[in-house]
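Beneath this line is the structure, given in structure tokens, with notes to follow.
FYI, it's all coordinate maths here, none of it is from the lab. Fair warning: this is a prediction, and the values are worked out from it, not measured in the lab. Counting neighbours? That spans all protein chains shown, and the Cβs are built from the backbone with ideal geometry, glycine included.
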Amino acid sequence: MTVRPGDVADLLAPLVAFRRDIHAHPELGFHEHRTSARIAEALTELGLEVHTAIGGTGVVGVLRNGGSDRKIALRADMDALPIQEQTDLPYASRNQGAFHGCGHDGHVAMLLGAARHLVRTRRFDGTVSFIFQPAEEGLGGARAMIEAGLFEQCPADQVFALHNWPDLPLGEIATRPGPIMAAADKFEIQLVGRGAHAAMPHQTPDALLAAAQLVSQLNTIVSRCTPPQASAVLSVTQVHGGHSHNVIPAEVRLVGTVRSFDGAVQDAIEAALRRMCGGVAASFGLACEVAYTRYYPATVNDPEAAAQALQAAERCGATALLAPEPAFTSEDFAFMLQARRGAYLWLGQAGEGESVPLHHPGYDFNDAAIPVGVAWHTAIVEQQLSA
Ligand code: NI
């Protein structure tokens, strides 16, 4: 007996209502107090063992059935983005400057729906942990939960997570063995001279001119310093310096990001970046400081778990796709996959017409994806913890 999206049709209306309530009350990373309280309340009502305040606002519900000691964990992220929503939805954000522009409201609803369905069907033998994680958007909530003892309190042999994917049609689920999302690094470069009157440029090393040359040089790193078959991207995204038309600024700051999938490539890029900064600064007579932060590692699927995730997609009637390549965006589920074997999936959510991308102020999670997500979460539990 396998679960189908139609089996959870009766759960849909309350899940949509829950999702839209979360959408109307978005909360930024580590501030998901209302969200996590609502989730903890819903899990308690279901009779689950509930762990709260793991890594800040993290919540876990634990459901046991039968006598097997096999354990699986499923994770949804809860946080919103610091973006002003630009939609006319009746349930649009009521919190200024916070917006569920990445569909984490939908992730929460789908995982809660799976808990509801598994509580009533119980066609599994083992333990399921439903992890509701704070602060996925750049703040490392997954790492915070792990450091707070997530997998000691709620042990798991495998961990899975899905993310809605606007590029993929509704009803399709995709993943791949190995890297699926990129490692994300941030660099900040401070070039420091003395500053001078713009009419007397010989009195200072020119931090602004050096910055301009450095932007060009940094853009040669991927093409010249990494193997042609490797995938990586470097983007300079900010230039700060100067305040007057007739003053050469004393300091200029460059900021940007690097994305890669392989540790050796990441090392080569950081080394090249530091070398170029030092070289350009020295050639101008400037001081230079580089802060290079590797904030999210690559999200790397266990090949066996990725195959099992696709198998579960087929079991629940979704179209299972082997994704041909990873995405260059990043995801802090990477930390959970460093701690436990598992896989990360993309859940199709594109309906009719043009699909609005993630992190766009006009984005909204597609509620039609809820039954598919609930069915997949249920299917992976029933498959991995088969009774
Ligand atoms: Ni997201």
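Remarks
- Beta bridges per DSSP with both ends in segment 183-296, % antiparallel, nearest 5: 100
- Three-way shape call for segment 233-286 based on the alpha-carbon gyration tensor, with the a/c threshold at 1.5: oblate
- Kirkwood radius for the chain, taken over all pairs of different Cα atoms as the inverse mean of 1/r, rounds to 22.4 Å.
- For segment 1-97, convex hull of alpha carbons as volume per residue, Å³: 139
- Diagonalising the gyration tensor over the Cα atoms of segment 190-257 and scaling each eigenvalue by 5 before taking the square root yields semi-axes of 30, 11, 8 Å, largest first.
- Springs between Cα atoms under 10 Å define the GNM used for the chain, and in it the highest mean-square fluctuation of GLY348, GLY47, GLY140 occurs at GLY47.
- Whole-number percent relative contact order across segment 255-387, with pairs defined as alpha carbons under 8 Å at least 6 apart: 26
- Histogram of C-alpha separations across segment 38-162, 5 Å bin width, %: 2, 11, 20, 22, 19, 12, 8, 4, 2, 0
- Virtual paramagnetic centre 7 Å along Cα→Cβ of GLN86, amide N under 20 Å, in segment 340-383: 354-366
- Other residues with beta-carbon under 14 Å from the beta-carbon of GLY362 carry, at +1 per Lys or Arg and -1 per Asp or Glu, a net charge of -4.
- Magnitude of the charge dipole for segment 315-386, about its Cα centre and with charges confined to Cβ atoms of Lys, Arg (+1) and Asp, Glu (-1), is about 420 debye.
- In nm, spacing of pseudo-spin labels at MET200 and ARG274 (7 Å Cα→C-beta vector): 3.8
- Cβ charges +1 (Lys, Arg) and -1 (Asp, Glu), total dipole of the chain, debye: 480
- The chain - percent relative contact order, Cα under 8 Å, separation 6 or more: 26
- Diffusion coefficient (Stokes-Einstein, Kirkwood radius over C-alpha pairs, 25 °C, 0.890 mPa s) for segment 183-296: 169 µm²/s, rounded to a whole number.
- Scaled against 2.2 N^0.38 Å for its residue count N, the alpha carbon radius of gyration of segment 129-192 is 1.53.
- Gaussian network model of the chain, Cα within-10 Å springs - most flexible of GLY317, GLY285, GLY342: GLY285
- In degrees, nearest ten, helix 263-284 long axis to first principal axis of the chain (Cα): 20
- Alpha carbon centroid spacing (whole Å) that separates segment 85-156 from segment 234-298: 35
- Quarter the surface of the alpha carbon convex hull of segment 98-159 and you get the mean projected area, 5.2 square nanometres.
- Mean residue ellipticity (222 nm) of the chain, computed from DSSP H runs ≥ 4 via -39,500 (n - 2.57), nearest 500: -10500 deg cm²/dmol
- Percent of C-alpha pairs per 10 Å bin, segment 329-387, short to long: 17, 37, 35, 11, 1
- A crude spin-label estimate for the pair GLU188 and SER216, with each label 7 Å from Cα along the Cβ direction, gives 2.8 nm.
- Zone residues, segment 359-386, relative to THR319, backbone N less than 19 Å from point 7 Å out along Cα-to-Cβ: 366-376
- Using a Förster distance of 30 Å, the FRET efficiency for SER283-GLN229 (Cβ separation, nearest 0.05): 0.40
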